[in-house]
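The values are calculated or read from the model by the stated rules, or taken from the named source; none is laboratory data. Values in this document were obtained by computation on a predicted structure and should not be read as measured data. Don't worry about glycine lacking a Cβ; one is built from the backbone with ideal geometry, like all the others, and counts go over all protein chains shown. Surface areas here come from the heavy atoms of the whole protein model, side chains and all, with no ligands, DNA or RNA. Shrake-Rupley method; radii C 1.70, N 1.55, O 1.52, S 1.80 Å.
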Amino acid sequence: MVDIHVSMDARLNYSGLVVAGVGFFLTRFTVVLAVDQSPARFYLSGVVPLVLGLGLSAFGVALTVADVDRELVRTTAIWCVLGTAGMLTLVVLTLLGSAPEATTGVAGLQSQTHLSNFLIGGSVGGTLTGLYASRNRRQRTQLRRQTTRLEVLNQLLRHEVLNGLTAIRGYAALREAGGRDAEQVVADRSDGIEETIEEVGYLTENAGSDGAAVGPVRVRAHVEAAVQSVRDSHPDAEVVIDDADDPDDPEALANERLGYVFTHLVENAVVHTPAGTPVEVSVTATADTVSVAVTDRGPGLPERERRLLETGDVEDGDGPRSGFGLYFVRFLVASYGGSVDADVGQDGTTVTVVLSRADEEPSGLDRIGTDPTAVGPDTPRLAVVVGAALVAGVVYGVAAEQLGGSVGIIGALYGAEHAVVGWITHQFHSVVFGFVFAGLVTLAPGRYRDSLPAYVLVGAGWGLVLWFVAAGFVSAVWLRLLGVPADIPSLSGVTLVAHLAWGPSLGVLTALGYRHLSPRLAAVRDRLIGA
């Protein structure tokens, strides 16, 4: 099986948990030793590093649930660890070179606080370096793809146009001598040149981009048109469309060039299928994707062409037209955000094109994710989730305080039962759980995923789960490990009402933000990038 694109079913990037874990672990030492200092020192040496560390941890969770390139998350996690380790090495060497009394007593305690703060700085710096390295890698990949594309265009133009013109001149001379088939040959060659120029023009227009402009396209209509076109050009061929699985005409995200993909794949299958053996074409749809499979009974797709589907690289020595059709198919499908699989067996080859299904009624609601080739989570939706979680966190805190509870107690989980620490850590929890909520919404069935009530129900359910598991057991066990008395389970009506206020408000704010705020933020981002 040859997969030329990141799987659409990918859900979690576990390397992001490394970033989250580093940020969370380092924050454990930033508050306890700074809380008894003067207010100015407390905010500078305690609160600011706490915000940075918890922010890094929340960003790691965002990378975990976002639909981004796994290699990006892996690279970011590696650089986060390297930044932390590098800063740790520098600080330890500095302490070892200091006076012995600097590592004991009050000075020793302060050095531990400084150590934690320095390590947070190293981890944040390493994370930013990882994101920058991922962006550079993406740019190098883009340049390599563009170079390959230009090489293909150069070979194709030299071969198709020059050879076509030579043939036209030759048959034009034959026509003057009375050749019967000269006019047809000249017409065919002219059509071939025109088609080549159109293909080259499309590749050139999209040479600097990763994706084409796409919209809802009826897949079955394009499949039927492609099959009819092949039947017209190969009257003896038998092509069967299997529509038993889905008699409807599902819509996928593509453009008017989609017909070329199916025409080439079906024609290629007909050419390589023995006479009297049918070529089978099937269209299947799920809630998220539309798949078109073309099966032939030929000798199997050669290794070189399979490699072309996998990498898109044109090997030295390949003929100018050799593999160009498959290259163009790969380019088109990848520009739609889809994938091409080639399953080669003893009985032949099945090439499957998988496209994202278009929503029948787009609502503007979507997941945090973005194009898998991007260098980070989709910033507008990421900002929406953060903002919604922060506001929902305030709703939780107000509800708890009004009912006699206290948000400051949450700071005890980090060793300091302090109002400021409690609110900061509470909002951190809200953002982290908000990212998980955004991932949970994507697991809902497709027909419910884009509705406001679905977001509210998922938010309410997620709030109940957190009340029972996180507040009832995890926090209680955590406090006991810190030596703070706590009942297990620690379930109260105050925290239940607060969680039920938090969950639905998070759902409403996220849904409305996706629908109304995210497009505006995306427009601002695009203007800034364009500037």
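Quick notes
- One residue from 490, 505, 518 being surrounded by 15 or more Cβ atoms within 10 Å (Cβ to Cβ), of a type in the set (Ser, Thr, Tyr) and more than 22 Å from residue 58 (Cβ to Cβ): 490
- Apart from one condition, residue 109 fits all of (1) modelled with pLDDT of 60 or more; (2) open to solvent by 40 Å² or more (accessible area, probe 1.4 Å); the exception is (1).
- Count of segment 326-350 residues which are open to solvent by less than 20 Å² (accessible area, probe 1.4 Å) and in a strand (DSSP E or B): 5
- Breaking point among (1) farther than 21 Å from residue 57 by Cα; (2) open to solvent by less than 20 Å² (accessible area, probe 1.4 Å); (3) without any contact (Cβ under 8 Å) to a residue 24 or more places away in the chain, for residue 485: (2)
- Test: residue in segment 435-453 that is in contact with an Asp or Glu (Cβ under 8 Å, 6 or more places away or on another chain), closer than 28 Å to residue 480 by Cα and at pLDDT below 85: no
- Candidates 365, 355, filtered to the one that is closer than 23 Å to residue 442 by Cα, buried (at least 21 other Cβ atoms within 10 Å of the Cβ), under 22 Å from the mean Cα position of the chain (by Cα) and at pLDDT 80 or above: 355
- Among the residues of segment 390-426, those identified as under 23 Å from residue 484 (Cα atoms), among the aliphatic types (A, V, I, L, M) and either at pLDDT below 90 or surrounded by fewer than 17 Cβ atoms within 10 Å (Cβ to Cβ) (or both) are 403, 407, 409, 410, 412, 413, 416, 419, 420, 421, 424.
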